[in-house]
Amino acid sequence: MARSHRNISFATAESFEAVLSGGTEVSVRGSQTRELRNRVTSIARPRERCVFLPGRRNDIFAQIAETFWVIGGRNDVTWLSRYLPRAPDFSDDGGITWRGAYGPRLRTWSGIDQLDEWRKLLLRDRMSRRAVGVLFDPAQDFVDSRDIPCNNWLSWLIRDDRLHLNVAVRSNDAMWGFSGVNAFEWSVLHEMMAYWVSAEIGEATFLATSYHIYDRHYQTARNVINSFYGISPYDFGISSPPFSTDWDHFRAATTDWFKAEGVISSDPDAALAGGPAMDDPLLASTLRVLRLKWGSSIWSDDRLSCELAKLPEDDFTTAAYEFFGRKRPSLLTDIRQPRIAAFFSACSDAKTTTDLGFRAAIKHLHSRKNLSYAASWKRRGERISILPNIARKVDRLQAFVNEGVELRGETILDTAIDLYIYSQKYRLFLAEFADADASFLTCDAHRPFSDQDGNLDFLVDQSAFRSQENDTLETVVEKLSLLFEDLWKGADRGVGVAARQQCAADLVVASEHVIASIANSDKASVAAFVRHELGT
């Protein structure tokens, strides 16, 4: 089984890292790439379809346009090139059509509409394994062409009333293909098919024979890896508008969508009239966003801001803010939709380790390990279980600083975070003593304090994770070691719980400084930690 990523943003960042760190250099038709063979990528929440990755410079308008062009069964390059200017580069007939376009192959393959056949088959037999579609045609694709279909095979499976989609891809460009349009377009079709067969939306899994990044995109990919800290609008209660058009009315709604697009692209000041497309939340939202693309070239910043403020608080609107905000940053300073504003506010803080993603990742790590180890960390008490656990982490940090020793499979950041969690749990453990001070917790904190995830989560939210001025990693680890020696010796002598609590609190602060010191010199390791914890 492939590792399942939460959404396309996590899948993209992790796959970029996998290709750059483990891919093989391969030259194909004169272009240098780094490639992974037989790459399997699963997305747990396909409806979280919009890419939100700093440095990725995603084009939400091109994604929407190409998706509806495909699902609408079209292959005309003139229409598509208004959103995708490089579309003619892949045409064999001078920019008139794409010979390998997915649309006609999906909707009119030898007179067969594969969407309708899948729908009818799954309605007849919900356990069927025969809902399969093809996009590669042996009769016409064994030729020299600029446009041989890259996505070749789609398969649907309903299990536990969830519709899963599997896509086989012969050649997948991670930048322009997978994250550029493939995951987006198939997620829209996935949602439509799930609606038509009355199923929940399951996983989307992609198998790429060649999963690659071109050398011209290496630096962009590295920037994305180092900048993504696991924050997306979907963490702020923002979602995608639902599709709700039944099959019998779908063709009319699609026709109406293209008609409305023609009106707003010619005159963005024209109102979107009612009709089948505007009756569907997903179709209507995409049209409202596309209208802004055409309006942005003639409207002032104030007008564009007002038009953005009228849009529903969904992921398409958020993606439009992100797109326009690159060149018009003032648009991001007065966002009227509160959840979208909260997302961009969090993004502005994401250059430090105090961002939402990092804290959430620590909480997730603790919760995940708690399920596996439960109370083993304290089973034999303070001196036999708890303090030796902390001692091992302190010793590992000291060994790294003194000799550069790092454990296989555990980074120095991992060690520092483990130390921080154990130190906080030790504080909670000490607070359970009858004569202990528990005022650092909320008055409604549940006992036993050290057994409740919520108490640890509360403490994580209170932590600063800031390094002290002029402190190096060597100096903060040395201070940490001295603090732990005092704590260890005090516990050995049986000093009072109040003194041990103070030492434990100081140890927490010191571990925060260690984390901050590591993160300031290696932000990529923080991004990787967040992706690993939150991307599942």
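Taking only Cα atoms, what is the 0 to 90° angle, nearest 10, from helix 356-373's long axis to the longest principal axis of the chain?
For 356-373 against the chain, the angle is about 70 degrees.
Would you mind ranking Y214, Y373 by Cβ crowding within 10 Å, fewest neighbours first?
Numbers: Y214 16, Y373 10.
Fewest to most other Cβ atoms nearby, the residues stand as Y373, Y214.
Tell me, which longest segment in the chain has none of the GluC sites (Glu not before Pro) that fall in DSSP loops with at most 12 further Cβ atoms within 10 Å?
On the way: sites that count: E410, E469.
The answer is 1-409.
Between the range 197-235 and the range 449-478, what is the separation of their alpha carbon centroids in Å?
So the separation of the two Cα centres works out to 31 Å.
What's the angle, to the nearest 10 degrees (0 to 90), between helix 387-403's Cα axis and the longest principal axis of the chain?
In the chain, helix 387-403 runs at an angle near 70 degrees to the longest axis.
Loop only per DSSP, at most 14 neighbouring Cβ atoms within 10 Å: give me the trypsin sites (Lys or Arg not before Pro) in the range 362-402, ordered by residue number.
Listed in order of number, the matching sites are R379, R380.
Could you work out the equivalent-ellipsoid semi-axes for the range 237-352, taking the square root of 5 times each eigenvalue of the Cα gyration tensor, largest first, in whole Å?
Working: eigenvalues 152, 63, 18 Å².
Taking √(5λ) for each eigenvalue gives 28, 18, 9 Å, largest first.
Against the longest alpha carbon principal axis of the chain, how many degrees, from 0 to 90 and to the nearest 10, is the axis of helix 218-227 turned?
For 218-227 against the chain, the angle is about 50 degrees.
Relative contact order (percent) for the chain, with alpha-carbon contacts under 8 angstrom and 6 or more residues of separation?
On the way: 812 pairs, mean separation 80.7, N = 536.
In percent, rounded to a whole number, it is 15.
Taking a quarter of the surface of the Cα convex hull of the range 69-186, what do you get in nm²?
Numbers: hull surface 31.8 nm².
About 8.0 nm², averaged over all directions.
Work from the charge dipole of the chain (Cβ charges, +1 for Lys and Arg, -1 for Asp and Glu, about the Cα centre) and give the residue of G381, L483, C306 farthest towards its positive end.
Of the listed residues, the answer is G381.
How large is the charge dipole for the chain, taken about the Cα centre, if only the Cβ atoms of Lys, Arg (+1) and Asp, Glu (-1) carry charge, to the nearest 20 debye? Please list the in-between numbers first.
On the way: 64 positive and 72 negative charges, 156 e Å.
Computed charge dipole of the chain: roughly 760 debye.
Between L123 and K369, what is the label-point separation in nm under the 7 Å Cα-to-beta-carbon projection?
Computed distance between label sites K369 and L123 equals 5.2 nm.
Relative to the compact-globule scaling 2.2 N^0.38 Å, provide the ratio for the alpha-carbon radius of gyration of the range 132-189.
1.28
Largest first and to the nearest Å, give the Cα extent of the range 47-137 along each principal axis.
43, 36, 18
Dipole of the range 247-348, Cα-centred, from +1 at each Lys and Arg C-beta and -1 at each Asp and Glu C-beta, to the nearest 20 debye? Don't jump to the answer; show the numbers that get you there.
Values: 12 positive and 15 negative charges, 62 e Å.
Around 300 debye, computed over the range 247-348.
With just the Cα atoms defining each centre, how far is the range 17-79 from the range 149-167? Give it in Å.
18 Å
Give the calculated FRET efficiency between R57 and V497 to the nearest 0.05, with a Förster radius of 51 Å applied to their Cβ-Cβ distance. Show your work: numbers first, answer last.
Values: r = 55 Å, r/R0 = 1.08.
Calculated transfer efficiency: 0.40.
If the only charges are +1 at each Lys and Arg Cβ and -1 at each Asp and Glu Cβ, what is the size of the charge dipole of the range 1-126 around the Cα centre, to the nearest 20 debye? Don't jump to the answer; show the numbers that get you there.
Details: 21 positive and 15 negative charges, 90 e Å.
Roughly 440 debye, rounded to the nearest 20.
With an 8 Å Cα cut-off and a minimum separation of 6 or more residues, compute the relative contact order for the range 76-208 in percent. Please report the intermediate quantities before stating the final value.
Working: 185 pairs, mean separation 25.8, N = 133.
Over the range 76-208, the number comes to 19 percent.
Find the centroid of the Cα atoms in the range 171-193 and in the range 361-419, then give the distance between the two in whole Å.
So the separation of the two Cα centres works out to 40 Å.
Give a quick list of trypsin sites (Lys or Arg not before Pro) in the range 53-91 that DSSP marks as loop, anything other than H, G, I, E or B, with at most 10 other Cβ atoms within 10 Å.
On the way: sites: R56, R57, R74, R82, R86; in loops: R56, R57, R74, R82, R86.
Answer by residue number: R86.
Mean projection of the alpha-carbon convex hull of the range 356-534 over all orientations, in nm²? Numbers along the way, then the final one.
Details: hull surface 40.7 nm².
Orientation-averaged projected area of the Cα hull: 10.2 nm².
For the range 4-230, what does the relative contact order come out to in percent, with C-alpha contacts under 8 Å and a separation of six or more?
Averaging sequence separation for qualifying contacts and normalising by length gives 30 percent for the range 4-230.
Laboratory data are not the source of any read-out in this text; all were calculated from the coordinates shown. Keep in mind the model is a prediction, meaning the values are calculated, not measured. Reconstructed Cβ throughout: ideal geometry from the backbone, glycine too, with neighbour counts over all protein chains shown.
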